[in-house]
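Data block below; observations after.
The values are calculated or read from the model by the stated rules, or taken from the named source; none is laboratory data. Predicted, not measured: the structure shown is a model, and the values here were computed from it. Cβ placement follows ideal geometry from the backbone for every residue including glycine, while neighbour counts extend to all protein chains displayed.
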Amino acid sequence: MPSSGQKSWQARFSQAADRLTEQFVESLSFDQRLWPYDIAGSIAHAEMLAGVGLIGQKDLKAIRQGFKDIETQIRTGRFKWNPAHEDIHMALEAALIQRIGEPGRRLHTARSRNDQIALDLRLYVRDAIDLDMLPLLADLQWEFLRSAERYIEAVMPSYTHMQRAQPITVAAYLLAYVEQFERDRERFMDLRRRVNVCPLGSGALAGSTLPIDRRAVARRLGFTEITRNSIDATGDRDFVTEFLAAAALCAVHLSRLAEDWILFATQEFRFISIGDAFCTGSSMMPQKKNPDVLELIRGKIGRLHGALVGMLTLSKGLPQAYNRDLQEDKVHLFSGHDTLKQSLEIAAAVVRNTTFNLDRLRAATERGFLDATVLAEYLVSKDVPFRKAHQIVGKLVAQCEKADCELVNLSLASFQSVCKQIGPDVFNYLTAANVVSRYRSEGNAGPQSVRKQIAYWRKLEKERRAASK
Ligand code: ARG
């Protein structure tokens, strides 16, 4: 079947593209959203071309005017996207030529769609980091911080292997998430340095014989550097893969949070209550309040991991320089970006609207021998070697299990019958409240340490808020 329009590259072809080919190779349906970056890149390119005399000032003026008109039309929804155009680059260039004629035909001087798309994507990823990932991660971190500030003294059981372990403060538990999201933030910041390098002027892959000024373009677009090697610059999508890797790992953190809180919201735990506005009901069972938001935070992560694997797979085995396979990068990039953005946004809202049920938490710390480890450490302070202390406490726990009681319920005589070094002061070490007040190693989960951690994050929060103004 014949094609629906003339292509800018048509001259060397004796047959128009088949409709199937057109539909198969097009990317306009999904790369349309790159238009702000494509226009910004084109204007910077045109300014440079005028600067070095490759186009006239009049041409530049017309190009600027043409793009202004196109931009207004797109913003107001009046722009006619013509599906006959292969991609965003072709669509915008054709629209420009349609409006301003000859000067529009000069715009693509010393440029290929290969360096153009590499540029658009770098601008896109830079914005995704600056405008979405970093602010959303910060919002989420500060929600955890606000919540931690409310629960500095509140004690809860901790778990390893989902078995009760040692008592911790709720604040320490919440601050653990601040740390995870801080590492995510660092990964995006680190990536930003590598993204912020301008590839424009690399042409199709070998550069250009025309006297272009690549650094001028880079400066105009806020890049700190230009790429060194034109072949690499046009075929490199590491920054997309890295973005998705950082996003996928961030999603892992979100899914671990979701898992904990789904469990904590069960009737069995009742450690937390999630605001009604962030839960949904059942179509059949009238009593239900389901944590669907958290379940979907956990579930949508499939898209993020899919995006990362998709990106790795499409890059694998590609010959050096640009190959059309790379067009598919956008599918993964946009999917990963959109999904994580949504999940981070709602995760912050869930944290803001979740309260901890302190009575339930306190009750939970009363069973499960959360003070067994501190008892062993107490014995160490009485000069019992730790391995021996461990055995002694193990025996005591077994005794308690038989009697269906806790360590604090044993009499001093029963303690001393197993180990004579135990004195009456042992009772100052038992129970969750005593334990958390005794933690002393740096970074521990007790209230003093948590106060320090909170002070650390508060200071960072203030600095970052000031810097982002
Ligand atoms: N639409 C393409 C992409 O997204 C850019 C164009 C490069 N096409 C080409 N035939 N060299 O990667």
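Looking at (1) in contact with a helix residue (DSSP H, G or I) (Cβ under 8 Å, 6 or more places away or on another chain); (2) of a type in the set (Asp, Glu); (3) surrounded by fewer than 15 Cβ atoms within 10 Å (Cβ to Cβ), which is the only condition Glu461 fails?
Glu461 satisfies all of (1) in contact with a helix residue (DSSP H, G or I) (Cβ under 8 Å, 6 or more places away or on another chain); (2) of a type in the set (Asp, Glu); (3) surrounded by fewer than 15 Cβ atoms within 10 Å (Cβ to Cβ) except (3).
Within region 337-377, count every residue that is crowded, with 21+ Cβ neighbours inside 10 Å, among the β-branched types (Val, Ile, Thr) and within 30 Å of Tyr124 (Cβ to Cβ).
Total meeting the criteria: 2.
What number of residues within region 349-382 are within 19 Å of Ala165 (Cβ to Cβ) and of a type in the set (D, E, K, R)?
Summing the residues that are within 19 Å of Ala165 (Cβ to Cβ) and of a type in the set (D, E, K, R) in region 349-382 gives 6.
Going residue by residue through region 61-69, is there one that turns out to be β-branched (Val, Ile, Thr) and surrounded by 14 or more Cβ atoms within 10 Å (Cβ to Cβ)?
Within region 61-69, the subset β-branched (Val, Ile, Thr) is 63.
Retained after the next criterion (residues that are surrounded by 14 or more Cβ atoms within 10 Å (Cβ to Cβ)): 63.
Yes - at least one qualifying residue is present in region 61-69.
Looking only at region 418-427, decide whether some residue is more than 12 Å from Phe369 (Cβ to Cβ), touching a Pro at 6+ places or on another chain (Cβ under 9 Å) and part of a helix (DSSP H, G or I). Let's see the steps before the verdict.
As a first pass, look at region 418-427 and keep what is more than 12 Å from Phe369 (Cβ to Cβ): 418-427.
Right, trim to touching a Pro at 6+ places or on another chain (Cβ under 9 Å) and you get none.
Checked against the condition, which is being more than 12 Å from Phe369 (Cβ to Cβ), touching a Pro at 6+ places or on another chain (Cβ under 9 Å) and part of a helix (DSSP H, G or I), region 418-427 yields no hits at all.
Residue by residue through region 204-223, note down the ones that are without any contact (Cβ under 8 Å) to a residue 12 or more places away in the chain and closer than 16 Å to Thr109 by Cα.
Thr209
Within region 94-113, track down each residue that is in a loop (DSSP other than H, G, I, E, B) and touching an Asp or Glu at 6+ places or on another chain (Cβ under 9 Å).
Of the residues in region 94-113, the ones in a loop (DSSP other than H, G, I, E, B) are 101, 107-112.
Correct list: Leu107, His108.
Looking only at region 185-228, count every residue that is under 27 Å from the mean Cα position of the chain (by Cα), in a loop (DSSP other than H, G, I, E, B) and crowded, with 19+ Cβ neighbours inside 10 Å and tell me the total.
Residues meeting the conditions: 5.
Is region 298-306 home to any residue that is in a loop (DSSP other than H, G, I, E, B) and either more than 25 Å from the chain's Cα centre (by Cα) or within 16 Å of the ligand (Cβ to nearest atom) (or both)?
Within region 298-306, none of the residues are in a loop (DSSP other than H, G, I, E, B) and either more than 25 Å from the chain's Cα centre (by Cα) or within 16 Å of the ligand (Cβ to nearest atom) (or both).
Among the helices (runs of 4 or more DSSP H) confined wholly to region 23-76, which include 3 or more residues that are among the polar types (S, T, N, Q)?
Those helices (runs of 4 or more DSSP H) span 57-75.
Cβ-Cβ distance below 7 Å, separation of 6 or more or different chains: which pairs start in region 83-97 with a residue that is acidic (Asp, Glu) and end on one that is in a helix (DSSP H, G or I) and within 12 Å of the ligand (Cβ to nearest atom)?
As it stands, the answer is Glu86/Val25; Glu86/Leu28; Asp87/Leu28; Asp87/Asp31, since those pairs meet every condition given.
Exactly one of these conditions fails for Phe334: (1) more than 16 Å from the ligand (Cβ to nearest atom); (2) closer than 22 Å to Val125 by Cα; (3) touching a residue at least 40 places away in the same chain (Cβ under 8 Å). Give me its number.
Answer for Phe334: the failing condition is (1).
So Glu442 clears everything in (1) at positive phi; (2) within 42 Å of the chain's Cα centre (by Cα); (3) of a type in the set (Asp, Glu) except one condition, right? Which one?
Single failed check for Glu442: (1).
Report, by residue number, each residue of region 12-42 that is without any contact (Cβ under 8 Å) to a residue 40 or more places away in the chain, among the aliphatic types (A, V, I, L, M) and away from the ligand (no atom under 13 Å from the Cβ).
Correct list: Ala16, Leu20.
Which numbered condition in (1) within 16 Å of the ligand (Cβ to nearest atom); (2) of a type outside the set (Asp, Glu); (3) touching a residue at least 60 places away in the same chain (Cβ under 8 Å) is the only one that Trp9 fails?
(3)
Working only within region 136-153, note down all residues that are buried (at least 20 other Cβ atoms within 10 Å of the Cβ) and either acidic (Asp, Glu) or not in a helix (DSSP H, G or I) (or both).
Glu143, Tyr151
All but one of (1) over 30 Å from Glu186 (Cβ atoms); (2) at pLDDT 95 or above; (3) surrounded by fewer than 17 Cβ atoms within 10 Å (Cβ to Cβ) hold for Ser282, so report the exception by its number.
Going through the list (1) over 30 Å from Glu186 (Cβ atoms); (2) at pLDDT 95 or above; (3) surrounded by fewer than 17 Cβ atoms within 10 Å (Cβ to Cβ), Ser282 breaks only (2).
Is it the case that region 96-104 has a residue that's buried (at least 20 other Cβ atoms within 10 Å of the Cβ) and closer than 20 Å to Phe30 by Cα?
Within region 96-104, none of the residues are buried (at least 20 other Cβ atoms within 10 Å of the Cβ) and closer than 20 Å to Phe30 by Cα.
Only residues that are of a type in the set (Ser, Thr, Tyr) and either farther than 13 Å from Glu93 by Cβ or assigned to a helix (DSSP H, G or I) (or both): list them for region 2-22, please.
Passing the criteria: Ser3, Ser4, Ser14, Thr21.
Look through region 314-326, keep the residues that are part of a helix (DSSP H, G or I) and surrounded by fewer than 19 Cβ atoms within 10 Å (Cβ to Cβ), and return whichever of them is nearest to the ligand (Cβ to nearest atom).
Ranking the candidates gives Arg324 first.
I'd like to verify a number: residues in region 337-373 that are in a helix (DSSP H, G or I), touching a residue at least 24 places away in the same chain (Cβ under 8 Å) and not small (Gly, Ala, Ser), how many?
17
Name the residue, out of Pro2, Pro83, that is touching a Leu at 6+ places or on another chain (Cβ under 7 Å), modelled with pLDDT under 95 and more than 13 Å from the ligand (Cβ to nearest atom).
Every option except Pro83 fails the conditions.
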